[in-house]
Structures are given as structure tokens and as C-alpha cells.
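Some notes on the structure that comes next.
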Amino acid sequence: MSVHDIEVIINGKQYQERVESRMLLSDFLRETCGLTGTHVGCEHGVCGACTIHLNGSAVRSCLIFAVQVDGQEITTVEGLTKDGELTLLQRNFIQCHGLQCGFCTPGILMSTTDYLQKNPNPTVQEIKEMLSGHLCRCTGYEGIIKAIQKTIDERSKNYEAERR
Amino acid sequence: MSKVVGKRVTRVEDKRLLTGQGKYIDDIGTPPNTAHVAILRSPYPHANIVSIDYSEALKIPGVKGVVTGKDVQPLLNPFGVGVSAPVEYYPIAIDKVRYVGEPVAVVVAKNRYIAEDALEKIKVKYKTLEPLVDIERALEEGSPVLHENVGSNIANHRTFHYGDVDKAFQQADRIIKHRFHFPKYSATPVETYGIIAQYEISSDSYTVHANFHGPFILHSIMAGALKIPSNRLRIIIPKDIGGSYGIKAGIYPYIVLCSVVSRLVGCPVKWIEDRQEHLAASSSCTDRVTYIEAAVKNDGKVLGLKMKIIDNVGAYIRAPEPACLYRNHANTTGAYDIPNLMIDAYAVMTNKLPTGLIRGYGGQETYFPLERIMQMIADELEMDPADVIRRNLIKKEQFPYKTASGGVYDSGDYEKAFDLLLKTGKYEEFRKKQMEARKKGKLLGVGLAVIVEPSGSNMGYITIALTPEERRAGLPKSGCTEAATISMDPMGNVNVRISTTPSGQGHETVASQIVSEVLGIPYDKINIVAELDTATSAWSIASGSYSSRFASLGSSAVYYAAQKVKRKLIKIAAHFLQTDEGDLTIENGQIVSKKDPAKSLSIKRVVGTAHWNPLSLPEGMEPGIYETAYYTAQAEPPDDNDLINSSITYGFVADLVTVEIDPETGEIHILDYYTVHDAGRLLNPLIVDGQILGGLVHGLGGAMYEELVYDDKGQFLTGSFMDYLCPTAPEIPKITIKHIETPSPITPLGAKGLGEGNTMSAPVVIANAVNDALKPYGVTIDSLPVTPNKVWNMINRSIKQGGLS
Amino acid sequence: MNGSGRITLNAGIEKAWDVLLDPQALKNCIMGCAKLETVEENKYEAVLSIGIAAVKGKYESTIEVADVQKPNHYKLIVKGEGGPGSVEATGAVDLVPIDENKTELNYTYDAEVGGKVAMVGQRMLNGVAKLIIQDFFKKFNKELEKSEQSV
Amino acid sequence: MKPGKFDYYCPKTVDEALAILEEVGFDGKIIAGGQSLVPIMNMRLSTPECLIDINQLKDLQFIEFDGSKMKIGALTRQTEIEMSDAVQKHLGLLSEAVPYIGHVQTRNRGTFGGSLVHADPTAEIPLSLMALGGTLHIASKDEVREVNVEDFFVTYLTTDIMPNELLTEIHIPVQEGRTGYSFHEISRRHGDFALVASACQLSIDSQDRISKVRLVLGGVDAVPLLITEANELMKGEDLSDSLLNKIADIVDEMVDPESDLHATADYRRHLAKKLAVRTVKSAYERARGENNECS
């Protein structure tokens, strides 16, 4: 029982693969599926670089075994954009200089995207608490927080505009 | 030059990084048959290796080989090092281990999982030896000696006398002195080290991909260790590096190790360092003990300084160490006009991880005692610390200012920046608030620190580790060379090849800005090639992204390369338009005559000619458009009096931090962090502030959270991110950044490097603020990080001794 | 890490001494001691399977009894190496008679844990060390009772 | 950092899980959220031979209120507890404590039962449950037994659960009337293990006298420590400074903290006293309806 066949939908595409039970999901995504946008920074669940969506929830892919996601749905950073069009959050990361080396960025995008879906109007303190699950050694976090705030503002403006 | 450079331009790098298409070392693929490396590491700080039995490991299916120190020793020389102590450093332990985490054996296997299975099967017998952990004990007679052939634990010792120190101390009203200890901490980029190494037997050569942010400077040391001609070691750096902050310079022993392992096992090998390895066995800053003595007049004027500095470089002195000891040599006296200086400098070895570059390199170690003693002077003289600082600041008229130890501060207006800081930080107002709060038993504190931020290191500074006599025997070193190459294809599109191996600093963007502006062409016609290849890139010894050199040096090389291209384009156009070169200017992709705007040629046409019709070019002109520019600023080797201008440009940073301390728990709340910068002309303010914030938060980590901790027996205790604490978003206080710009007269764009200044200043300014808050308890902070536990200890001790309660 | 403690043994000093130095009792008292073989007098090789929750490790160990001053004092030197790391511990035991059937046992220990478990587990190590040592003496008192019963 | 080999089982029902547990015995290890287990597996500090994944046991993922007690399935994700209106309404202490656990990304995966079984002596859920009181339902192939939370934690990372058993659900009584609660912790950074944590739930009578109280401290012993003597002492009393001082003295007497590199034993002892007082005080104030916002 140490090798398993799994089927998993990643970014809307189905993958059927044979995996060793101990293979980490992060390695599966990168090595087996070639989705190298998911980064590995600590392999003990602290740095957050490997964060992905599992069934619509942001989780660490280094703390899940690939075999555990059989029959489930995953989104990685490669699945955020549709037809090469950046999301509002991604565009605001550019505008607010929310990234430098970019290594931690995919994980932060995944966490934030999920978080804002469930909490559309967080306070700055709540944003910071959500970000506490990510290490960034380049930006001092300020650009990231600004990018998230700008996204929230613009979304609520769009929403207001739509209501009018 | 005012169209793009200096604007808040967004970055060309971002789109690929935001969509998961960055090309980091672990993303670039491997040659066929590549195997994976895992490294067995010493659990002991100091022990002889009695035997290594890996027979069981070889039996595991998928294992391709196991390599030990004894296997690699015949193929390697010990690494060269810039001190006279004969330390033998190999990338793997040969017969003795000297720190927890030192490589002992290397497994090569089909994948990393199997390689780690095999590690568990290797049996190593050790005979443990008494460990040496304490810095000062390393200097004592009778302490354990790490390297028998060196005979002591001192890797380097030099004494410097500048000015007339004795006289200064005679003239002083008071002498104020203290001992300070700066901790060992790390940089922990989120991406760890990564290497793909391949040996080719037919040419006896190595090709290595690695995320090393400046391979030229240590290339000769690696080739020397591998015993091969240097052009048989080709190092290729991927376009994207997931952060370094200096620490990835420590990768080079692993490059040599993986190279030789590839040779011994007979296949390409890949090693991605894991986080535990990174914390235990990559590199770190030095921990340092400083005894500082200040000769002070009663009005706060400092006449002279004496310092005994002991840098702990870990188990082996490893190039470029003892550079940490000397990186800030020219700016030892910081932002102050202190002409008399004595330095007694030691680099010692103990059973800890070897050290190297990290953000701020030596600056935080230098300024922690200096800026703490300035506050202690104020306390002792019952003066306001701001007045003591002002009394000693270098005046505007004194620039370019020559420091006691040979530095030439290129430009600045320190008083203006300092005044702006006090005003922005509402210093006077806070002092009043503090008085009121104290009456209510609340502990508020304000800290100040002013520092000079050196950037662009002079290659000669490292040789200050040697005596003038020793230096005379070798090749003098100077300068700070950087190179860039710009080519244009027949369609008039541009490729710019930079050698600065960026790791997030936006070099592609800034290089695009400069080229766009000089050549008058839009961004979309410019492609920046950030990959570096020691076999094909312009060889410039000092290239890389360290010592904040891009703004002062890398950008200058790009600028001059662009100017070369521009001159050639104009020369060709002048030939065809039959006008003077001086008459031509570039506008919107056209080369136009100023006298007669009707006379013009498109750049595309000019470039097309250079490629397709070389015979029509002006006589003697080479075909094609391909220009390389080398740039160095004036940076002389040290002279016989040990005077050295160790950097090219010197920026200025002034910090003001306010804190509140919970007297019950010792918890520290930073209320506000104000920082004023003068980094000369700013090339891209958006990137500038991002660099400052990152450096500041790293400094905040050093002040309050980050430390590589060893117990008193040399056991390493912070091997995970659960115990090595990097600041996260909730720990970041409100930060206010202000700039003034006094352009550097040295660099063509007037820019100075930045991004490391607050890494240097944050530890001490926070310590000053906390100490100020605790002033009623009469305590002195002389070590870092300041934690709630330490604060509580100090308060508690003071209360027990009958101090304030 | 180090610590000390004191317990009262329900036996006279001579009896307590004999049981303390009996290899079988030693085996029974050391947590997870699966095998204990005498190499020479007062020197043993042992295999210890020590696990706290999911962190389980097999340690190949040597156990040495040193500085023997019958019936008052001895030292126990344990050196072990296993997957999660290495241990070097020295315990000093001093016995003081209270009365015929009671003895006071004072112990101090100094343990150095190395390798992986020290690098990442420092938060719990002190507590776990204390736990293992307390467990030793708790079991030892039981051993004493057992041997009382068997007499 | 890659885990060692193991066999993987993914039962679809509780019965199937229990049968596997029975079979593999000591070689097996249950994985729920895995947020504590997988790090130590990656470091190879833990190398179980079999991993039994209970994430498909959807029957164990629920939050229910039956009029007198809350029932929480062991597999309920920590985020679900955090977001639950029922928990917020009936077990405010738990709502308040859960956000202190790790980070939102680990809470999205980490489970209620997993945290209890992991039994870290500083962890928020064990501490809160100890303050709330309750019973744990533990199933094996042959029976389901109920264990009071007071009897559940044995020592560091060790509980009353045997290798063939599975924690299935937890029942927590809901306090009626004038009840207040409070949770405090001090950690190095947001989301870190607490240096010391303190939880308290208490009820007061119409004269503002304490009728029921459970004060618990974490990080000061091998298990979450119920400060029984203080709890006894408080009963029937008004909260006064002298009572708070006595509580601090009892805490001083009862705790037995250890030193590590983030805090010395002395400092932990000091924090325990301060936090105990703060927690009791704010719980009491809340019960009196004085300050509903404080924590």
C-alpha cells in the first residue's frame, strides 16, 4: 500500500498519476505536474510559499501528501489568471510593489484570494494576521498589505457602481 | 535625463513572478540522468571522525553512490582564504567535524526521498572533543583549539591607529566605555540554496547552475579548490533568485562539493538545500564582541574612540571573511567627525557555523556599539541624545569628508536630514509625552540612531586584513568593476545583458529605464537578460547583487554601455546625414538633426545598416551593434598607513523609534518607526522604498526576534522556522520614510546604493528606544535580540536591587 | 539541560543500593529499554526505544556506572545515538539513610541532546528529559517494592 | 526534508478506520489535518509505518447544539469552529481562542480533534476545552468510551487514547445565565506557540458571587493545568484584589514550567501569575456585563 493511483483536478485539468504514498503534494505539483509556480521554502508549514487551494481552501501543500488529494480539486497560482489576464489582486501587486524576488508571492496570492472571498472587508489588522502565515524577506510586507487594501477598495467601489 | 529615470515605474519582472512563471534554480530543469543529493551532517560541534560505514546505504535501490571527505580530498585543494593563518577548509569534513551541521557524507540517489532514506543507513563513529563556543574564550590560552596546525583560534588580528588617540584620551573630560555583544543571525531567503552540477570527463570541466548572486568574485577560489583551469568551471545563474540578502554567497563550498560529487559518482547531480540545512549550515553574520571607549568632552563632543572588536567567524574562516570585520572600516566612526581612532580587530574561530555576507554586512555589528555608546554618553552627561548626536555630526561644509580610517564620504547634509527626522518624528513632543507617561507608571521610550550607509565595496578593502608588508607581496586590489553589454538586432530591438544577478531588486526594470532613456526607445523594444554565465558574460570580478552596488555601479555600467551604443548610432547617422555628431539627437526612435529637423534617420534604419550593409559604414567602423562597458569608480587599494576608502558611495540614514513597554510582561510595542534617507539621486522611488522596508524589517528581526542559538556546549537549537523567528506582518510597526537627495559626485547618475541601511540601524535604534523606556530602572542593553523575557529580567533585577518598582 | 530531584525510597540503603545497580532492574527502569547487555563490569550496551507521541527513536547506547562509592554514591553515564539524534547524559545519585526501611535518594543530571531532535525540539526537551528521569525513579521504587515482595 | 516510507490507508467509514487501527496497532498513526504531524514526518523525527487518513470520515465533521451541550466532530476544521455562529454563541471562549492557533492557512486544514490528540501543553484547543469542561468520545472496534477532559491529557503529547482508538466527537456543556470567559496568551510572534496561555470560564450568581469557575493555564506544565485550588477558592466569592492576589499565589505554587530558548522558567512563572489574574478579571467583568468587548 505504498504506491497509489490518484485522479485529481488541478486548475480545471484532470491529472491521473501513480504516486508513492509519501510524496508531498508540493513535490507532486512541481515534479510530476510541472507546475513550478508553487514554491517550496521550508517544508514544515511556516513560510507559506507552497500555499495552494484544496477544494477552495488555502492550505500548505508541503503538509499534505499527494495521495490524500485523490478525487479532489486544486488550484495553484498558474490557475489564477484566465487567458493571461491578471486578476485585480495581481495587478495591484504590481502597482503597489508587493513583490521583489517573487518567491513567496504565489503562496501569498493563493492565501489572499481565498481569504478575500470569505472575508470581503477585513481590517488592516486582519489582513496582517492572515499574512502572518507567510514569510517575505524582501518587502517588509508593506507593499503586500497596500496591494490587498487597494484590491478591497476597488472591489467595493466596483460593487457600489454595479448597485447604482 | 529626466524622463524615466527617477520615476515610480512599475517593474518588468512582475508579471512572470505573479503568474508562477519565474525561473528559479529549482524550475529550470536538469540534464538527463541527473541524480539528487542529500547530505549527512554532523550532530556534534567538535569531534574526530573515527569511521564511516555506508555499506548499508549503498544497498538501497536507487542509490547511486556515497561520497565522504576521504573520497574528495585527493581531488581538492583547501579553499584559499585572505588571511595568513593556515586554516584548511574543505567543503566536507575530512577527519574532524567542527560545527553542528558540517557535511560528513553525501548520498546521491534517484530522488531526494531515497537519498534521505540512505542517510539513515550511514553509520558514523565520532570521538567527541571539548567544544569552544564563547567568543572571548577563543582568545584565551588553554581553550580548545579547532585547527591544530593554526595553533590558536585566532584567524586574523590587526591593530590600527589613526590620528592621535592617546592625546584625545588625555584631553577628554570623561571616558565612557562598555562591552557589547551582537548576536549571530541569518538572512533566510525563502528560496534556499540550489545547485545542478555536471562533470564532463572529456574536457575535465564542470558546468554548474546555482543561485549564487555574484559568482565572479569567488570563482577563482572555487576553480583553485577544484584544481582546474578557471575556464573549466562554468557557472550559470538563473534569471530569478528567490532572495539572498547576501547569504547566497555562502553557497560556493557546496558548488565545489556538488561538482566533485558529480565527478566521483559519474552523473549530473542536483541539490536543493532544505530549510534545516539552511539554518544550520549555510552561512550567517558574525557574532561580535566590541569593547568601545569614547574620549568625551563635557559638552558631548567625542574626541576619539578605542575599539577592541572580536568577530566570531565560526568553525572555519571562509572567504571573503574576515571581510565582515573590515567592510565598514572606512566608516567605523559613522556619521561623526571623530578624527582619532584605535581599532584592535580579531577574527576568531569557534565551533559554530562559518559566517559570510548578510544584508548590512558588518554594519549592524559596527553601529550597535557606536550608537549605543552615543546614547550612554548623553545619559552620563545628562544631555539629550539628540544634542550629543548633533554636536558630533559631520557638517555639510566638510564634504567630501575624509574619515580617520581613510574613507571619503562623497556627499551629504547630515544635519538637514537629522533635523527632518526630529521634526517628522515629533521628537520634542514625544519627550513631553514620555514625562507624563512616566508619572503614570507607563514606560515610553524614544531611540535615535544615525548611520552612514556604505555601498559599492572597494575590492581593496579585504586586503586590510593583511599587514602592509604582506600586501606588498601580492597583487594590489582596487576598484569595484561592473559590466554590461548592449546589443541591437537588425530590427532595432535591444538586448541588455547585465551581470548583477538580481534577487528581487528590480535590476531589469531600472536597466530598462536607463536604456530607454539614453536610446530614446520604448520599453517593449528592450529585453533584459539577467541570466549570468561565467563563460559568456563580460567578466567583471566584482559583479553581483551585494553591497548595494547596483544603483552606484551596475546602473553606471548599463548607462555607459547605452552611451557607447548611442555614440555609434549617432556616428553612423552623421555619416549618412552628412552632419556633425554634435548636431544629432535621438527623439522617438529617430536620429534627428538639431539644426535641420527635416534631416533624420530612424534608429531601425541605422541599426539595419550596421548589420546588413557594413560596407557602407564610416571607414574603420566595425559592423553590428554590440557594446560592452566596464565601469569602476575611483577606489584605491589601502595605503601603507592602512588608510582605505572601503566603499564608493556613502548614504546617510537617521532613525527615530518610539516604544511602549508593558512593565508587567516586558512586551515591547513599537509605536512608530521614522527613517530619513539620503541615498543621493533616487533612480526609482517605488523600488527604493521597497528596498528600505525590506532591509528595515530584517534589522527589526535582528533587534527583536532572529538569532541562531547554540547552547553552551555548541549544540545548535534553532533548526526550524518554529524557533528561528523571522518577523511576520503583524510584527511590523508603522514605518514612515522620508528622503532628501544630495547627489553623489562620484556616480554618473548621482545615485548611491541603499537597502541595507536600516538593517544596520534598526537593531541599535530599537535597543536605544527600549533602553530609553527602561531608563527609570537604570539598566543597560548591551546584547541583542531584546526580548520580552530579557526586558522582564532587567526590570526584575533592578526592582530586586532596590531600583524603581 | 540539567536538573535535580529527590525521592524517598521504601527500602534501607543497602537494599536500595543493590537494586539500583542490578542490571535487570536497570533494564526495567530505563524507559524503552529493549535490550541490555553487560560488556564488562559496570558497563552495558543497550537498545532504547524512546518515544514521545509520534516522535519515536531507537537509540543504540552505552551505559556506564562510574564513581562508585558503595552504598552512597554513583554516577550513571548514558551515551546513545539514534535516528532523531544523540544523547549524552550524566546522572549522579546520592543515597542517604533515613531509617532502616527508608532511604533518601538525591539525583542531579546533566544531559546533552544533539542532532535533529535538539535542532528542532528544544521547546519540549527539558520537559521530556525530566519526564524520562522521573519515570526512571518512579519505576525504580516499584522495582524495590517488587524485590521486597520477592524476598 | 522528505518523509520516510509508509503504507497509506484511507478508510471511508469510522468502522473501516477502527478495523484498520485494530490491525496495525502500534505501527499505525492517524492523520487528520496533519499540521503538526507532517512537519515532524518531513524532518523524520516521526516515521510511522502506516498512516491512516481519516479525512474522508465526513461523519466526524460537524458542529451541533442539542439544547444543553455542543457536540463537535473530531474532524471539524479549526476554521469551521472559528466561523461557526453556534460556537460563537454558546462557546465564546473557543471562538476567542481558536484564532490564536497557528495561521489561517493551517487552521483551514487543522482539526479540532487533531489538536486535542496532539496534546501540546501550550495549545489553545486543549486549554479551552479544559476550561469549558466536556467529554471526549473515543471509539475502538469493540466499544465507544467517554472520557472527561480532566482525565484525557497524560503528559507531553500524550493522551489517554490507545493505538487502536479513534477520537470521534467531543461534547461540551453550555453554560446558562451570567457567564463570562476570557482567553489570553503571550507568544513571541503572532501565531507562535504560546509562552504561557490562560483560559477561564466562570458563572456568577445574582449577587455577583462566583458560582462556577474553571481557570486553566498552558505552557506551565506537561499538560494544560487546571488551577483547582484557585477554582475552589473563588467559589462563592466576589472578585477582590485580595482574592486575585491569592490566585496569583496559588498559581505560583502549582505551576512547574520549563525553560526553553524563548522563555525561562522564571519568566513563564511570572507570566502565569499575571495572565491568570488578567483572565479571571476579564471573565468576571464579562459575566457582570461590564465589558463585553474585552478579551
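The values are calculated or read from the model by the stated rules, or taken from the named source; none is laboratory data. Since we're looking at a predicted model, the values are computed, not measured. Note that we place each Cβ from the backbone using ideal geometry, even for glycine, and neighbour counts take in every protein chain shown. When the accessible area is computed, the model is the full protein with side chains, heavy atoms only, and any ligands, DNA or RNA have been set aside. Shrake-Rupley method; radii C 1.70, N 1.55, O 1.52, S 1.80 Å.
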Gyration tensor verdict on chain B (Cα atoms; rounded if a/c is under 1.5, prolate if a/b is larger than b/c, oblate otherwise): oblate
Unit charges at the beta carbon, dipole of chain B: most positive-side option, B:291, B:5, B:267: B:5
Where trypsin sites (Lys or Arg not before Pro) fall in DSSP loop in region B:691-744, at most 13 other Cβ within 10 Å: B:734
Where trypsin sites (Lys or Arg not before Pro) fall in DSSP loop in region B:14-122, at most 12 other Cβ within 10 Å: B:59
Dipole of region B:24-129, positive end: most advanced residue of B:60, B:77, B:35 [Cβ charges, Cα centre]: B:60
Between B and C, accessible area buried - total, square angstrom, nearest 100, 1.4 angstrom probe: 1200
Ordering of D:207-214, B:770-777 by burial proxy (mean other Cβ atoms within 10 Å per residue, highest first): B:770-777, D:207-214
Over chain C: helical MRE at 222 nm, DSSP H runs n ≥ 4 each giving -39500 (n - 2.57), nearest 500: -11000 deg cm²/dmol
Positive minus negative residues near residue A:32 (Lys, Arg vs Asp, Glu; Cβ under 12 Å): -2
Value of relative contact order over chain B, rounded to a whole percent, pairs C-alpha under 8 Å and six or more apart: 16
Reach of residue B:248 by Cα under 21 Å, taken over lysines that are not fewer than 8 positions away in the same chain: B:23, B:184, B:239, B:270, B:352
Probe 1.4 Å, accessible area per residue of region B:480-546, Å²: 25
Euclidean distance of C-alpha centroids, region D:1-59 and region B:107-182, integer Å: 44
Rounded to the nearest 10 Å², the accessible area of residue B:408 at probe 1.4 Å: 50
Overall Cα dimensions of region D:54-140 - principal axes, largest extent first, Å: 31, 29, 23
Set of aspartates and glutamates with alpha-carbon distance to residue B:568 below 12 Å, sequence-local pairs under 8 removed: B:581, B:622, B:627
Accessible surface of residue B:379 - all protein chains present, 1.4 Å probe, nearest 10 Å²: 50
Residues residue B:51 and residue C:37, FRET efficiency given R0 of 25 Å [Cβ-Cβ distance, rounded to 0.05]: 0.70
Residue-normalised accessible area of region B:24-89, given per residue in Å² at a 1.4 Å probe: 41
GluC sites (Glu not before Pro) within region B:89-138, DSSP loop, no more than 11 other Cβ atoms inside 10 Å: none
Inter-label distance for residue B:438 and residue B:636, nm, one decimal - labels placed 7 Å from Cα along Cα-to-Cβ: 4.9
For chain C: span of alpha carbons on each principal axis (Å, largest first): 47, 30, 28
Virtual spin-label span in nm between residue B:77 and residue B:297, 7 Å along Cα→Cβ: 5.4
Highest-first arrangement of D:226-234, B:201-209, where packing means the average Cβ count within 10 Å: D:226-234, B:201-209
Accessible surface of region B:1-138 [probe 1.4 Å, protein heavy atoms]: carbon and sulfur percent: 51
Relative contact order %, chain D, counting alpha carbon pairs below 8 Å whose residues are six or more apart: 15
Accessible area buried at the A-D interface, both sides summed, 1.4 Å probe (Å², nearest 100): 2600
Projected label distance in nm at residue B:428 and residue D:178, using a 7 Å step from Cα toward the beta-carbon: 5.3
